[in-house]
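See structure below.
Any read-out appearing in this document is the output of simple, stated calculations on the displayed coordinates, not a laboratory observation. For clarity, every value in this text was computed on a predicted model and none was experimentally measured.
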Amino acid sequence: MGVAEVSNVLWREREQLELLLFKLEEERLILLSGNTRWVAHASHEVQLLVEQLRETELLRSMEVDAYAASVGMPPSSSLKDLAVASDGPWASILTSHRDALLELTGEIARVSAHNREVLAINARATRETLLNLTGTLETYAPTGRTTSPAPAHLIDRAL
């Protein structure tokens, strides 16, 4: 177990993160299109990739611990610490992996947050529309209690 094995696992993880980012972007486009037919499929694909990533993270942890032990470092050492302890080009390779992983996870967090926001907005609009159809739309009064005001009207701002 050496630094080459750690690098190989990191490459695999980066590829999986790139694919996850793509699938999240795909999910975002589906959500924004308003076509809900494919939302479940897109979400399922994202979930499958997350499960694969968990397996890869476990493998990475094992490889990092083995490499850390071979260079006299404690288990669960960070990539930054491993890069400092590595010789020759491996230091810059591990640093590049770390930088790419940080960038990808940041992008994934941003797209995921946006997708959750779009889902929440769509769910709220659907709920309000359904409640408006039944005439039982409830909102909150300043006291915190629910109240049934005049029916809400949805406005298509695209017009």
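Multiply the residue gap between Leu119 and Glu57 by 0.36 nm, knock off their C-alpha separation, and tell me the result in nm, one decimal place.
Here the segment from Leu119 to Glu57 would lengthen by 19.5 nm.
Would you mind calculating the gained length between Asn35 and Ala109 on full extension (0.36 nm times residue separation, minus the Cα-Cα distance), in nm to one decimal?
Net length gain for the segment: 24.3 nm.
With the alpha-carbon atoms as the only input, what is the per residue convex hull volume for segment 2-119 in Å³?
Expressed per residue, the convex hull around the Cα atoms of segment 2-119 is 87 Å³.
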